[in-house]
Each structure stands twice: as C-alpha cells, then as structure tokens.
Amino acid sequence: MRVIAGKARRINLKAPNGMDTRPTTDRIKETLFNMINTMLYDATFLDLFSGSGAIGIEALSRGAKKAYFVENDKNALACIKDNLNSTRLLDNAIVLNADVFTAINRLNENESFDIIFMDPPYNMDLEKKVLELLANKNFVNEETLIIIEASLETTFDYLEEIGYYIEREKQYKTNKHVFVRRDI
C-alpha cells in the first residue's frame, strides 16, 4: 500500500495489523481519486472510519488543504500518525480519536467539508446511521460530496427519504463506491 500521486507519491504506508481493517487496494484508490481529482485542490476532507488513513493521506498528497481522520481503534490511530509523519503531511491533518458518531457531533459547525469519505464495516447499516446524522449538520451542504465504500450487496434505497441522492456509483469486483449529495 502506497501513496499513488502528489507530493507524497510512492511513499509506502503501514496498515494496522489484524483483520479489523481492510485497506482499499491501490487500484481502487487510484480509480477513486481519478474520479474526484479536480475537486481536491484546497479542499477540506473528512475521512470517517479511517483505518490506516490512506484515503485522507492520498487527498492531502493531491492538494487538499486539510484532512480530518476519525478512528477509534488505537492500533489504527498509531498507524495513521506514523503514516502522516512518514509522508510529512501531519501539519495539514487533524486526527480524532473517537467513534464516528461522537466525532461528527464534536466537529465545528462553522467548518464545511468539501468531501466526506466513509468506509465503515460492511453490511452493518453504519453508512445509513452516519448519513442520517450528517443530514442535520451545517458542515454538510449541497456541494459536499459524500463517498461511501460499501459491499456490492449494500442497498441505498433509503437515500431519498433522508434527504440525499446518488450522483454516481462505481462497482468493482467485491465492493463499490457510491457518491451522494444532500438534496437541499
């Protein structure tokens, strides 16, 4: 696992030990960032369920001005900090040691996020709970792009009733990225 492009290009990243995280493969990460690359310059990025921090680090490497990393596993947190140090991107990062729901409620309502990425544990309906919570936050507006990494089986048929719409979906062999925005 490595940083694919930008100022930290080719730097190898650590992944937490064990099976609690499943890092996004380099190929899928490259596809994702090719799709959003034009949105990254000077963006504020929120990486929920951060794991190794690879997604937020890739965003910083490609020009995001700030990235928030939300993770509550101490091994993953140590990994995120090591990866931020080795890429020299720590100055533009805010690492929050909390579960996603607590962190979302602690975030400054005056901040606005351009891109929110979440990669929750699969098939536990956590993405729905997070989207319901985000729907009432001022830091998410109609311009905010929310990207959800989910299993192929995950359905998003509830989005309209909680105030979102699917802008795009990209399927891979075992998972998918769903791009949603608030319908304001």
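The values are calculated or read from the model by the stated rules, or taken from the named source; none is laboratory data. All values reported here derive from a predicted model rather than from experimental measurement. Using ideal geometry, Cβ is built from the backbone for each residue, glycine included, and neighbour counts are taken over all protein chains shown. Accessible surface is based on the protein model in full, side chains and every heavy atom, while ligands, DNA and RNA are left aside. Shrake-Rupley method; radii C 1.70, N 1.55, O 1.52, S 1.80 Å.
Which condition number in (1) in contact (Cβ under 8 Å) with a residue 24 or more places away in the chain; (2) over 21 Å from E111 (Cβ atoms) is the one that L84 fails?
Looking at each condition in turn, L84 falls short on (2).
Taking segment 132-184 only, how many residues are aliphatic (A, V, I, L, M), in a strand (DSSP E or B), over 18 Å from N34 (Cα atoms) and in contact with a helix residue (DSSP H, G or I) (Cβ under 8 Å, 6 or more places away or on another chain)?
Count: 1.
Scanning segment 76-107 for residues that are of a type in the set (V, I, T) and part of a helix (DSSP H, G or I), which turns out surrounded by the most Cβ atoms within 10 Å (Cβ to Cβ)?
We begin by selecting, within segment 76-107, every residue of a type in the set (V, I, T); these are 80, 87, 94-95, 100, 102, 104.
In the following step, the residues that additionally are part of a helix (DSSP H, G or I) were identified as 80, 87, 100, 102, 104.
Details: I80: 29, T87: 22, V100: 20, T102: 12, I104: 21.
So the residue we want is I80.
Assess whether D73 counts as being out of contact with any Pro (no Cβ under 6 Å at 6 or more places or on another chain), buried (at least 18 other Cβ atoms within 10 Å of the Cβ) and more than 25 Å from I36 (Cβ to Cβ).
It is true that D73 is out of contact with any Pro (no Cβ under 6 Å at 6 or more places or on another chain), buried (at least 18 other Cβ atoms within 10 Å of the Cβ) and more than 25 Å from I36 (Cβ to Cβ).
Out of N97, N75, report the one residue that is of a type in the set (S, T, N, Q) and within 16 Å of the chain's Cα centre (by Cα).
N97
When you check A54 against the structure, is it more than 18 Å from L145 (Cβ to Cβ), modelled with pLDDT of 90 or more and within 13 Å of the chain's Cα centre (by Cα), yes or no?
Working: more than 18 Å from L145 (Cβ to Cβ): yes; modelled with pLDDT of 90 or more: yes; within 13 Å of the chain's Cα centre (by Cα): yes.
The answer is yes for A54.
Of these, E58, E30, which one is surrounded by 17 or more Cβ atoms within 10 Å (Cβ to Cβ) and either among the aliphatic types (A, V, I, L, M) or in a helix (DSSP H, G or I) (or both)?
E58
Taking segment 166-184 as the region of interest, how many residues are over 22 Å from E30 (Cβ atoms) and exposed (fewer than 12 other Cβ atoms within 10 Å of the Cβ)?
Counting residues in segment 166-184 that are over 22 Å from E30 (Cβ atoms) and exposed (fewer than 12 other Cβ atoms within 10 Å of the Cβ) gives 1.
Could you grab the pairs with beta carbons closer than 8 Å, sequence gap of 6+ or different chains, first residue in segment 143-162 and within 27 Å of E30 (Cα to Cα), second one among the polar types (S, T, N, Q) and open to solvent by 90 Å² or more (accessible area, probe 1.4 Å)?
Pairs that qualify, where the first residue is within 27 Å of E30 (Cα to Cα) and the partner is among the polar types (S, T, N, Q) and open to solvent by 90 Å² or more (accessible area, probe 1.4 Å), are S151/N123; S151/T174; L152/Q171; L152/T174; E153/N123; T154/N123.
Where the second residue is surrounded by fewer than 19 Cβ atoms within 10 Å (Cβ to Cβ) and modelled with pLDDT under 95 and the first is of a type in the set (F, W, Y) and lies in segment 23-41, which pairs have Cβ atoms under 6 Å and are six or more apart or on separate chains?
Cβ pairs passing all conditions: Y41/G63.
Take segment 137-184 and flag every residue that is aromatic (F, W, Y) and modelled with pLDDT of 95 or more.
Correct list: F156, Y158, Y164, Y165, F179.
Would you confirm whether or not segment 65-75 contains a residue that is assigned to a loop (DSSP other than H, G, I, E, B) and more than 26 Å from T174 (Cα to Cα)?
Within segment 65-75 (the criterion being assigned to a loop (DSSP other than H, G, I, E, B) and more than 26 Å from T174 (Cα to Cα)), the answer is yes, since at least one residue qualifies.
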